[in-house]
Amino acid sequence: VLVEGDLIDIHNRTPNLRENEFEESEIEWVSSGKFARVIQSDGKVWSKSIALKGRETPVSVAFSQATIEFSGGVADILYLPDFLSAAKPELAQDQSIALQIWAKEEADEVLADEKERLDYMDKRHSDYSEAKERYKTRHSNLVIASRFSNAARLRYAYALTVHRAQSYEPLPKI
């Protein structure tokens, strides 16, 4: 797991889970290719498991959270500790499927009331097709922006190649 002071390289776009002080509905993102410094990590790892069809054992994915400082500010992120420590930085296909399923379940939970209203609506009603399309769009957007499907894939950034270091933006001193 990450500890305070670790330097990391972010391999994918990930949402900032920090509460937005202006309460805007727009998600703030931490872009891939950024370097960051860990400013806080509780060191706790938790995991989720799911049984996938055709698999003998459940698929488990470990998660942890950290607060990072990067050139765009400060962000709270959910990351995958297994990716951080893997010899080859990639997710197994089953792990990717599990992350997408959890993202979909999270979206289903958020939109449960809207789905229930849609289910009770008469399919011949003039507003049905518009309401169904609006639901599908919102659901799709929630899955795309999910903390699970976008959990940070990080690597330690202590050693940089010359090519990669040329685009490095130094972090401000604390």
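Below is a table of values for the structure above.
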item	result
C-alpha center-to-center spacing [the stretch 123-151, the stretch 20-97] in angstrom	24
Global geometry of the chain, whether rounded, prolate or oblate, following the gyration tensor of its Cα atoms and the 1.5 cut on a/c	prolate
Residues whose placed amide H lies under 5 Å from that of residue 152, excluding near-sequence neighbours	78, 79, 80
Size of electric dipole in the chain: Cβ of Lys, Arg +1 and of Asp, Glu -1, about Cα centre, debye, nearest 20	720
Surrounding net charge for residue 62, when Lys and Arg each add one and Asp and Glu each subtract one, Cβ distance under 12 Å	+1
Å² of accessible area per residue within the chain, as computed with a 1.4 Å probe and no ligands counted	64
Given 34/88; 34/132; 44/88; 53/104; 53/136, the pairs whose alpha carbons are separated by over 27 Å	34/132
Carbon + sulfur, % of accessible area of the chain - ligands and nucleic acids excluded, 1.4 Å	48
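The values are calculated or read from the model by the stated rules, or taken from the named source; none is laboratory data. Since we're looking at a predicted model, the values are computed, not measured. In this analysis, Cβ positions are derived from the backbone assuming ideal geometry, glycine residues included, and neighbour counts consider all displayed protein chains. The accessibility values were calculated without ligands, DNA or RNA, using every heavy atom of the protein model including side chains. Shrake-Rupley method; radii C 1.70, N 1.55, O 1.52, S 1.80 Å.
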